[in-house]
Amino acid sequence: LQVAQIDSKNMSDVVWSDLVLACDNALRDDAVAGVVITHGTDTLEETAWLLHRLLDTTKPVVLTCAMRPASSAAPDGPQNLRDAMAVVAAPGARGVLVVCAGEIHSAQQVQKIHPYRTNAFGSGDHGPLGWIEEGVVRLAQNWPPEQTQPALIAIKNIANGAPWPRVEIVMSYTGAQGDTVDALVRSGVQGLVAAA
Ligand code: ASP
């Protein structure tokens, strides 16, 4: 199923809505054991977090990506996709997971940490959940705990086409001025996140 074909830096609430509903729909089907999503790397961690917060499932949802174009001499996308299939089919796999460069990360921890390397993702101090070696999953930690509070109301709102609130992120740094906040509030922003 093709939900969208965009550069993920152009991710929008419309595409996210379509993706959440497509996943929710697929995961409710008894014939579906799990979902694999191919996604650009730029906003992959945000999509992973969104799905982690919203989907009410014990089945695995695995996002994967490519750092190199398909036209490169050694593209990484096909291997990543193959690895993602190994993870989604692994016994006990659950939660929203990210597979890149032979590593498995959980949606709760994953961050894009490099703009060029093929192993562009990391899980900070937590480290990867595990690895895929020759199609075999080797876990360093347990699969993520089951999601306890999926936001079912949010899925209903999305299905009903409710508009998403506008939330902006403001940076805190030496010499930062309040004018940015004033301008955003004047322009009708409904929430602010301070990135300190
Ligand atoms: N701009 C691309 C995207 O995130 C980069 C990539 O896929 O690595 O869609």
Open item on the list: Multiplying the sequence separation of ALA73 and ALA22 by 0.36 nm and subtracting their Cα-Cα distance, what value in nm do you get?
Closed with: 15.0 nm
Open item on the list: How large is the convex hull of the C-alpha atoms of the chain per residue, in Å³?
Closed with: 149
Task: FRET efficiency, GLN141 to ASN119 (Cβ-Cβ, R0 22 Å, nearest 0.05) - done: 0.75
Task: Counting DSSP beta bridges with both ends in the chain, the antiparallel % (nearest 5) - done: 45
Task: Amide hydrogen neighbours beyond the local backbone of LEU63, cut-off 5 Å, H modeled - done: ILE37, LEU97, VAL98, VAL99
Open item on the list: Pairs of alpha-carbon atoms within less than 8 angstrom and 6+ residues apart define the contacts here; what relative contact order does the chain have, in percent?
Closed with: 17
Task: From phi via Karplus (6.51, -1.76, 1.60), per-residue ³J(HN,Hα) for region 102-116 in Hz, x at Gly/Pro - done: x, 10, 10, 10, 8, 4, 5, 10, 5, 9, 6, 10, 8, x, 9
Task: Mean projection area, nm², convex hull over Cα of region 140-196 - done: 7.2
Task: Separation between Cα centres of region 164-191 and region 48-77, rounded to whole Å - done: 31
Task: the chain, helix-only ellipticity at 222 nm - DSSP H runs n ≥ 4, -39,500 (n - 2.57), divided by all residues, nearest 500 - done: -8500 deg cm²/dmol
Open item on the list: Modelling each spin label as a point 7 Å along the Cα-to-Cβ direction, I'd like the ALA4/ASP30 distance in nm, to one decimal.
Closed with: 3.4
Task: Label-zone membership for region 76-114, site GLU134, 7 angstrom Cα→C-beta point, backbone N under 16 Å - done: 83
Open item on the list: Given all pairs of different Cα atoms, what value in angstroms does the Kirkwood hydrodynamic radius of region 7-62 take?
Closed with: 11.7
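Bear in mind that the values in this text are calculations on the coordinates, not laboratory data. Just so we're clear, the structure is a prediction, and the values are computed from it rather than from any experiment. Don't worry about glycine lacking a Cβ; one is built from the backbone with ideal geometry, like all the others, and counts go over all protein chains shown.
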